[in-house]
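Beneath this line is the structure, given in structure tokens, with notes to follow.
The values are calculated or read from the model by the stated rules, or taken from the named source; none is laboratory data. The model shown is predicted, which means the values in this text are computed figures rather than measured ones. A quick note on method: Cβ atoms are made from the backbone with ideal geometry, for glycine too, and the neighbour counts reach across all protein chains shown.
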């Protein structure tokens with residue numbers, strides 16, 4: 001009979017190996033599912049885990065999708081390390097997209113053509129402020145009214161989506177757009193500059209990596225970052241040390257809201273170039289998985305973003321090449337997180353083969 | 001007059017799935033387990049129920065399929081958080097994300113399909129009373145069963161021995177363990193029962209309320225049901241009342257549109273979510289009050305021995 005035995009100390013090695021075990025288990029289950037659907041499992045796995053990296057163009061698409069994931073997940077990691085459960089990043093992404101896109105749309109409709117070096121930062125700053133404002137609602141209600149940040153941030157996702165719908169179906173709709181729910185295409189001066197010619201990859205990926213480095217410094221090399229982590233690991237100790245829980249809450253939510261908003265603005269100023277009802281297809285939720293697979297660490301988050309981005313693109317390829325439903329990606333994402341949490345048990349426990357002692 | 005009767009009827013119908021899920025989650029939380037996977041469980045049960053109704057044409061089998069699917073997914077959640085002591089927030093979230101993806105995947109073939117017309121149910125005699133008849137007595141039997149269920153849960157929690165054990169485990173698992181109660185198994189039972197009720201709620205949505213399947217059909221009702229338990233300060237009858245209140249807010253948007261109020265439909269669609277946020281903030285305002293009412297071990301793992 002198998003028995004769990006508590007380890008004297010959490011295993012550092014297992015903390016790194018556990019995501020890999022979870023990934024292998026997810027791949028095995030995926031293969032079984034492909035077989036059950038009557039597809040060749042090898043071919044199916046190749047579509048999800050190899051073809052997204054096959055060639056420069058494919059890699060550029062993976063990095064393009066990884067850009068918002070890295071940005072959002074970095075902010076969420078700060079939250080989760082401080083024990084603030086912001087699960088509404090999706091809403092903060094949408095508000096960032098609306099605010100950043102709103103700036104771009106205003107410049108476009110007013111016919112103002114600014115130099116790129118001015119217009120793009122304006123759009124991105126709009127996004128950051130939009131995301132922060134949305135997260136501020138959650139922070140305020142948690143701080144002043146003790147309302148669960150989990151439920152408030154999640155409810156605000158639905159509100160944000162309706163706000164997007166309202167604007168693109170209503171006041172912001174392109175009058176010359178044949179009544180489609182979409183805004184005008186933004187003026188080219190507001191687009192993020194491309195990083196590689198002939199691809200959609202833009203400078204946002206470089207920005208995301210800079211943010212990753214900055215977050216590493218913030219979390220592990222500043223006093224404020226240390227306060228946040230103590231507050232997350234041992235709230236009583238943080239209180240005793242005189243660290244303000246309310247300041248930690250606001251810091252964590254402003255950082256994650258701002259970064260989610262930045263991601264939203266980068267999406268609309270990057271690949272989308274206009275606002276539609278489908279600005280974010282669950283990026284804010286995928287980023288939560290990225291966060292855990294990446295062990296809440298900036299470097300891990302960058303790697304996990306590439307992995308989850310491959311799975312997103314694999315889902316699209318599976319649809320076009322193998323006729324698999326695109327929803328499979330969601331199944332694999334969910335499985336990966338569930339299996340990861342299960343495997344994380346190995347960090348704190350050892351599995352022992354216990355013999356029953358005869359009575 | 002007739003419009004008001006229809007509004008009352010619609011409120012009862014839209015409050016029913018919230019009440020079912022809210023009561024299920026109440027059972028979980030009374031045992032000390034917070035299940036943030038409610039949304040995903042309801043989605044998987046909704047497609048299971050819809051598929052069962054589509055193939056067999058039977059509402060009863062649809063509810064059974066929903067309860068089974070919900071119970072199974074909840075059991076997986078329970079196994080993880082109760083035996084492997086995984087973080088309840090993260091695991092619930094994972095179940096929600098998985099449920100969203102899995103239901104979308106299974107449901108691909110059912111989008112746009114119609115269920116066979118079932119004959120409308122009426123309470124004999126009472127349904128003929130003017131006003132009250134159309135408002136209260138022409139509902140699906142599940143609407144009445146939900147009210148009965150709320151009463152049954154009141155009896156179970158506060159009048160039966162098993163309910164006392166359940167509450168004791170939620171308040172002080174170590175003490176209950178010391179007395180020889182099997183904390184983990186009772187928690188698992190509560191989680192599975194709660195999941196099954198969320199499952200019935202999901203099946204009600206896809207088979208009776210909508211009745212159709214689209215991706216993300218549950219539309220946040222699982223999360224609203226979670227907020228309901230706090231709103232109700234963990235009392236079953238208040239969960240029921242709260243569910244009808246939120247059902248009423250959902251219906252208000254259609255009533256306002258019907259009355260010709262000139263506000264964009266997208267803004268009105270925000271109402272139930274905004275109402276949840278406002279009510280949650282008002283109820284949670286007093287931390288002492290929440291602490292008194294909340295099961296003391298809610299969300300905390302239990303390590304025996």
Working only within the range B:69-93, note down all residues that are more than 17 Å from the chain's Cα centre (by Cα), within 7 Å of another protein chain (Cβ to nearest Cβ) and either crowded, with 24+ Cβ neighbours inside 10 Å or assigned to a helix (DSSP H, G or I) (or both). B:80, B:89, B:90, B:91
Just give me the residues in the range A:308-353 being out of contact with any helix residue (DSSP H, G or I) (no Cβ under 7 Å at 6 or more places or on another chain) and within 14 Å of another protein chain (Cβ to nearest Cβ), in sequence order. A:319, A:323, A:345, A:348, A:349, A:350, A:351
Conditions (1) part of a helix (DSSP H, G or I); (2) touching a helix residue (DSSP H, G or I) at 6+ places or on another chain (Cβ under 7 Å) -> residue A:243 fails only (1)
Among the residues of the range B:45-68, are any within 14 Å of chain A (Cβ to nearest Cβ) and either touching a strand residue (DSSP E or B) at 6+ places or on another chain (Cβ under 9 Å) or within 30 Å of residue A:4 (Cβ to Cβ) (or both)? no
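Test of understanding: among A:41, A:52, A:8, which residue is at pLDDT below 95 and within 20 Å of the chain's Cα centre (by Cα)? Give the steps one after another, and end with the answer.
On the way: A:41 fails: within 20 Å of the chain's Cα centre (by Cα); A:8 fails: within 20 Å of the chain's Cα centre (by Cα).
Criteria check complete, one pass: A:52.
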Could you please let me know if residue B:148 is in contact with a helix residue (DSSP H, G or I) (Cβ under 9 Å, 6 or more places away or on another chain), assigned to a helix (DSSP H, G or I) and closer than 30 Å to residue B:208 by Cβ? no
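Just to be sure before I move on: is residue A:186 surrounded by fewer than 18 Cβ atoms within 10 Å (Cβ to Cβ) and under 26 Å from residue A:71 (Cβ atoms) in the structure I sent?
Working: surrounded by fewer than 18 Cβ atoms within 10 Å (Cβ to Cβ): no; under 26 Å from residue A:71 (Cβ atoms): yes.
The answer is no for residue A:186.
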Could you list, in sequence order, all residues of the range B:176-203 that are over 30 Å from residue B:58 (Cβ atoms) and either within 13 Å of the chain's Cα centre (by Cα) or part of a helix (DSSP H, G or I) (or both)? B:176, B:177, B:178, B:183, B:184, B:185, B:186, B:187
Which residues, taken from the range B:8-39, are in a helix (DSSP H, G or I) and closer than 17 Å to residue B:167 by Cβ? B:23, B:24, B:25, B:26, B:27, B:28, B:29, B:30
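What are the residues in the range B:255-270 that are surrounded by fewer than 17 Cβ atoms within 10 Å (Cβ to Cβ) and assigned to a loop (DSSP other than H, G, I, E, B), if any?
Correct list: B:259, B:260, B:261, B:262, B:263, B:264.
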Check on residue B:242, more than 12 Å from chain A (Cβ to nearest Cβ), within 30 Å of residue B:118 (Cα to Cα) and not in a loop (DSSP other than H, G, I, E, B): yes
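State whether one or more residues within the range A:300-309 are assigned to a helix (DSSP H, G or I) and closer than 30 Å to residue A:171 by Cα. Let's see the steps before the verdict.
Within the range A:300-309, the first condition is being assigned to a helix (DSSP H, G or I), and the residues that meet it are A:300-309.
Going one step further and asking which of them are closer than 30 Å to residue A:171 by Cα, we end up with none.
No: the range A:300-309 contains no residue that is assigned to a helix (DSSP H, G or I) and closer than 30 Å to residue A:171 by Cα.
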Matching residues, the range A:197-235, being surrounded by 14 or more Cβ atoms within 10 Å (Cβ to Cβ) and in a loop (DSSP other than H, G, I, E, B): A:199, A:200, A:201, A:203
Take residue B:264 and tell me if it is facing chain A (nearest Cβ under 8 Å), more than 20 Å from the chain's Cα centre (by Cα) and at pLDDT below 90. yes
As an exercise: evaluate residue B:130 against (1) assigned to a loop (DSSP other than H, G, I, E, B); (2) within 14 Å of another protein chain (Cβ to nearest Cβ) and give the number of the one condition it does not meet. (2)
Taking residue A:275 as meeting all but one of (1) outside any helix (DSSP H, G or I); (2) modelled with pLDDT under 95, write down the number of the exception. (2)
Scanning the range B:209-237 residue by residue, those more than 13 Å from chain A (Cβ to nearest Cβ) and either surrounded by fewer than 24 Cβ atoms within 10 Å (Cβ to Cβ) or within 15 Å of residue A:158 (Cα to Cα) (or both) turn out to be B:209, B:210, B:211, B:212, B:217, B:232, B:233, B:234, B:235, B:237
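So, restricting to helices (runs of 4 or more DSSP H) that lie completely within the range A:88-180, which ones have at least 3 residues that are crowded, with 17+ Cβ neighbours inside 10 Å, out of contact with any strand residue (DSSP E or B) (no Cβ under 6 Å at 6 or more places or on another chain) and away from chain B (no Cβ under 13 Å)? Spell out how you get there, then give the answer.
Values: elements: A:89-110, A:116-145, A:149-169.
Per the criteria, A:89-110, A:116-145.
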Does any residue in the range B:97-126 that is under 26 Å from residue A:292 (Cβ atoms) come within less than 7 Å, Cβ to Cβ, of a residue that is at pLDDT 90 or above and in a loop (DSSP other than H, G, I, E, B) six or more places away or on a different chain, and which pairs are these? B:99/B:37; B:100/B:216; B:104/B:215
